[in-house]
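Just below is one structure, and these are the notes that go with it.
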Amino acid sequence: MEEANVVHGDLRPNNVMLEVGSDTTPVCSGEEQGVNLRVVDFDWAGEADKVCYPLQRNEDITWPGDAGTPIKVGHDRILVNNWWSEHFSSMS
């Protein structure tokens, strides 16, 4: 998405669906199980710097940008990095 200058803006765990199983594509060579990843809820998505975070959102979340400001390339990666290892470090 970054290469296309497109942002999602709300890549929290509830908007990323993972399916792990032997009938999915392996992430790394030699792995028996693979992962299918689906992203949902594109309400805030659009062209970077042209779409903005909503004025009202869950402020318990550490957002990479302020409410009402443009969503920038890299914000999605920051948001995912904030929660990914916490949720999936035990899967290895």
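The values are calculated or read from the model by the stated rules, or taken from the named source; none is laboratory data. This one's a predicted model, so the numbers in the text were calculated from it and none came from an experiment. So basically every Cβ, Gly included, is an ideal-geometry build from the backbone, and we count neighbours across all protein chains shown.
A quick yes/no check of all residues on (1) assigned to a loop (DSSP other than H, G, I, E, B); (2) at pLDDT 75 or above:
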| residue | (1), (2) |
| --- | --- |
| Gly9 | yes, yes |
| Asp23 | no, no |
| Cys28 | yes, no |
| Asp41 | yes, yes |
| Trp44 | yes, yes |
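The set of residues in the range 62-92 that are hydrophobic (A, V, I, L, M, F, W, C) and exposed (fewer than 12 other Cβ atoms within 10 Å of the Cβ) contains only Met91. Note on the range 68-86: residues that are under 12 Å from Trp44 (Cβ atoms) and either within 10 Å of the chain's Cα centre (by Cα) or touching a residue at least 60 places away in the same chain (Cβ under 8 Å) (or both) amount to 4.
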